[in-house]
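Engineer: Below you'll find the structure I mean.
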Amino acid sequence: MAINKNSTGYTFTFAILMVVIVGTVLAFTAMSLKDRQAANAADKKMMDILGAIGVDANRSNASELFAEYVTERIAIDLSGKEVDRRSGALDMKDKSDPFSIDVQRDYRGSVKAAAKANKDDIAGLKSALSGANLTFPLFRCNSPEGKDVYVVPVVGSGLWGPIWGYVALESDMQTVYGAKFDHKTETPGLGAEIKETMFTEKWPGKRMNASGPVLFEVVKGGAPTSDYQVDGITGGTITSKGVGEMVNRTMAIYASYFKSQTQASAQR
Amino acid sequence: MSTESTPKESLFSKKNRKLLSDPLSDSNPITIQVLGICSALAITVQLQQAVIMSLSVLFVLIGGNVIVSLLRNLIPDRIRIIVQLVIVASLVIIVDQVLRAFQPDISEKLSVFVGLIITNCIIMGRLEAFALGNKPGPSFLDAIGNGMGYAWILLVVSIVRELFGSGAISLPGMGQVKFLPQEWFISNGGFYENNNLMILPPMALVTVGIIIWIQRSRNKALIEEN
């Protein structure tokens, strides 16, 4: 062979060519599968929201059941003001729909750092986020028992990676109707148990603490003493704490909106 | 390139057939070479996951072996491991993306283990030991042989674990099929209960160990001297 395979020039040329070809192939694959993956992710989101109100959906009937049970899709801003409210059929391509608000991306982008810097300080958190122009989604549902239920998406950090979930509140915006959590890489058998009904079945009937600075807590060891506390998972302390943190933080952001809503309905 | 076969040799010569059959038994990647154990332990709780995982590994192994074999005279020696790694990693990303698009639930269950195919020693082992020194044809057969050798162990282990751990077997497209009569179970007044230990990773190790035991007692040549 005329080319010296061991020369530095050849090695570099080979490496550069290889990276360009591989990059093109992978970019093409990712682009052509993107729509299907997005549809799968949307189905999963619907299944999780429905799971929080106790409706067991699968991929084939998720959008159908979502249309049946979820009556309104609402977006609020940081101050608790409602900025959007939609009902009727959901258009996946409409990126302005509250359903399309990517709370996980917002969490990674700005909320995570702000929450870390302002632990247990909701006013500080809000002022840190004021520049980010975030909106927060909320799903108003008609539960299987005909109750008016609000589903709030929550996002946080577990031990190894992101955790997220949906907490459903009854129309008093205080009582937990149901909850569903999921995780990316928590330890199987320990932190990963937040996904199981063994953990989520403890949530219905709990209430947000209207008086204290802490709205909700996941506690360690023994029975919870107040109705705003839920028993954590043995051996999954950091994941349990993460669940408590994300619920408490998110509810604090939604609190002013809930307050305005309950006052409005009291006057009616 | 002394290991290269002579040009006239047919694809299904005796030597090439050995490439297919050896990894199934006497040089099985899992039970004899003890490679790729990590994923074999982690994803054998259900048959369905094991099938998808096996197919993914088979695809990556065939693709990697053939591509590396085609490029074997072009790959610069000094960066050959990196080149192999890039090829394997790209194939794995393609598998991952396709699973996410077409099998989202299984993709979720396999989670990190699809990505970890990149570090599966069977694949790098075959690329380095075989594809780099052989023509595409034999490399293709070698990949199928080793992929199937990996697959049958996974299938056997997952069937044992799922049957005794969950009392059912998840057949692709049919969901979990319950093979044991429901009245046998203690919850229905019977005598039988699922063995929860089977669901846990240690039992995969024990099951693989039993396969190794059977294999070595049938073929004494496999037993190490000391």
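Engineer: Convert 20 °C to kelvin, take the viscosity as 1.002 mPa s, use the Kirkwood radius over C-alpha pairs of the range B:22-82 as Rh, and evaluate the Stokes-Einstein diffusion coefficient in µm²/s, rounded to a whole number.
Structural biologist: After rounding, the answer is 157 µm²/s.
Engineer: For the range B:86-196, which semi-axes, largest first and in whole Å, follow from the square roots of 5 times the eigenvalues of its Cα gyration tensor?
Structural biologist: That gives 37, 17, 11 Å for the three semi-axes.
Engineer: Multiplying the sequence separation of residue B:188 and residue B:215 by 0.36 nm and subtracting their Cα-Cα distance, what value in nm do you get?
Structural biologist: 5.9 nm
Engineer: What percentages make up the Cα-Cα pair-distance distribution of the range A:58-128 when the bins are 10 Å wide from 0?
Structural biologist: Answer for the range A:58-128: a P(r) of 17, 37, 28, 17, 1 percent.
Engineer: Another question about this same structure. Can you tell which of B:27, B:187, B:90 shows the greatest fluctuation in a Gaussian network model of chain B with Cα springs below 10 Å?
Structural biologist: Comparing B:27, B:187, B:90 in a Gaussian network model of chain B, the most mobile one is B:187.
Engineer: Relative contact order for chain A: what percent, with Cα pairs under 8 Å and sequence separation of 6 or more? Mind showing how you got there, number by number?
Structural biologist: On the way: 430 pairs, mean separation 39.7, N = 268.
RCO, chain A: 15 percent.
Engineer: With only alpha-carbon atoms counted, please give the Rg and Dmax of chain A, in Å.
Structural biologist: Final numbers for Rg and Dmax: 22.1, 89 Å.
Engineer: Taking Cα pairs under 8 Å and at least six residues apart, what relative contact order does the range B:28-219 come out at, in percent?
Structural biologist: Over the range B:28-219, the number comes to 33 percent.
Engineer: Given only helices, namely DSSP H runs of n ≥ 4 each adding -39500 (n - 2.57), what is the per-residue ellipticity at 222 nm of chain B, to the nearest 500 deg cm²/dmol?
Structural biologist: The per-residue figure over chain B is -18500 deg cm²/dmol.
Engineer: Say R0 is 22 Å: what FRET efficiency, to the nearest 0.05, do residue A:41 and residue A:97 get from their beta-carbon distance?
Structural biologist: Numbers: r = 15 Å, r/R0 = 0.66.
For residue A:41 and residue A:97, the calculated efficiency is 0.90.
Engineer: Over all directions, how big on average is the projection of the convex hull of the alpha-carbon atoms in the range A:59-201, in square nanometres?
Structural biologist: Average projection, Cα convex hull of the range A:59-201: 9.9 nm².
Engineer: While we're here: Given q = 0.27, 0.34 Å⁻¹, what are the Debye log10 I(q)/I(0) values for the range A:46-87, with equal point scatterers placed on the Cα positions and solvent ignored?
Structural biologist: Values returned for q = 0.27, 0.34 Å⁻¹ are -0.86, -1.08.
Engineer: Another question about this same structure. How long are the three semi-axes of the equivalent ellipsoid for the range A:5-103, computed from the Cα gyration tensor as the root of 5 times each eigenvalue, in whole Å, largest first?
Structural biologist: After diagonalising the Cα gyration tensor, the semi-axes are 44, 18, 11 Å.
Engineer: Once the dipole of the protein assembly as shown is set up with Lys and Arg at +1 and Asp and Glu at -1 on Cβ about the Cα centre, which of B:196, B:47, B:212 lies farthest towards its positive end?
Structural biologist: Towards the positive end, the residue furthest out is B:212.
Engineer: Now for a separate question. Of A:173, A:53, A:19, which is farthest along the charge dipole of chain A in the positive direction, counting Lys and Arg as +1 and Asp and Glu as -1 at C-beta?
Structural biologist: Checked the options; the winner is A:19.
Engineer: Mean-square fluctuation check for chain B, GNM, Cα pairs under 10 Å: which of B:129, B:50, B:40 is largest?
Structural biologist: Ranking B:129, B:50, B:40 by mean-square fluctuation puts B:129 first.
Engineer: Per residue, how much space in cubic angstrom lies within the convex hull of the C-alpha atoms of the range A:84-164?
Structural biologist: 150
Engineer: Note down the Stokes-Einstein diffusion coefficient of the range A:133-237 in µm²/s, whole number, using a Kirkwood radius over alpha carbon pairs, 10 °C, and 1.306 mPa s.
Structural biologist: The Stokes-Einstein estimate is 109 µm²/s.
Engineer: While we're here: Hey, could you pull the Cα Rg and Dmax for the range B:28-219, both in Å?
Structural biologist: Computed over the Cα atoms of the range B:28-219, radius of gyration and Dmax are 18.6, 68 Å.
Engineer: Report the FRET efficiency, 1/(1 + (r/R0)^6), for residue A:60 and residue B:86, where r is their Cβ-Cβ distance and R0 is 56 Å, rounded to 0.05.
Structural biologist: For R0 = 56 Å, the calculated efficiency reads 0.90.
Engineer: Please quote Rg/Rh for the protein assembly as shown to two decimal places, taking the Kirkwood radius as Rh and restricting both calculations to Cα atoms.
Structural biologist: Values: Rg = 27.4 Å, Rh = 26.1 Å.
For the protein assembly as shown, the value is 1.05.
Engineer: Still on this structure, I have one more. Anything over 23 Å Cα to Cα? Flag those among A:112/A:259; A:195/A:220; A:184/A:206; A:147/A:184; A:180/A:202; A:95/B:109, in the order listed.
Structural biologist: Pairs exceeding 23 Å: A:112/A:259; A:184/A:206; A:147/A:184; A:95/B:109.
Engineer: Could I ask something else about it? Once you compute Rg and the Kirkwood Rh from C-alpha atoms, what is the Rg to Rh ratio for the range A:229-268?
Structural biologist: In the range A:229-268, Rg relative to Rh is 1.25.
Engineer: Using only Cα atoms, locate the centre of the range A:78-139 and the centre of the range A:160-214, then give the distance between them in Å, rounded to an integer.
Structural biologist: The distance from the Cα centre of the range A:78-139 to that of the range A:160-214 comes to 19 Å.
Engineer: Next up: For the residue pair residue B:200 and residue A:260, what label-to-label distance in nm results when each label sits 7 Å from Cα along the Cα-to-beta-carbon direction?
Structural biologist: The two pseudo-label positions are separated by 5.3 nm.
Engineer: Now for a separate question. Looking only at B:113, B:185, B:12, which one moves most when chain B is put into a Gaussian network model with springs between Cα atoms under 10 Å?
Structural biologist: Between B:113, B:185, B:12, it is B:185 that shows the largest mean-square fluctuation.
Engineer: Moving to a separate point now. With the convex hull built on the Cα atoms of the range B:62-105, state its orientation-averaged projected area in nm².
Structural biologist: Dividing the Cα hull surface by four gives the mean projection, 3.3 nm².
Engineer: Then there's this: Take the alpha carbon atoms of the range A:5-59, find their center, do the same for the range B:183-226, and report the distance between the two centers in whole angstrom.
Structural biologist: 37
Engineer: Give the calculated FRET efficiency between residue A:142 and residue A:117 to the nearest 0.05, with a Förster radius of 35 Å applied to their Cβ-Cβ distance. Walk me through the intermediate numbers first.
Structural biologist: Working: r = 39 Å, r/R0 = 1.12.
Result of the calculation: an efficiency of 0.35.
No value in this document is a laboratory result; all are computed from the given coordinates. What you see is a predicted model, and the numbers here were worked out from it, not measured in a lab. For neighbour counting, all protein chains shown are included, and Cβ atoms are generated from backbone atoms with ideal geometry for every residue, glycine included.
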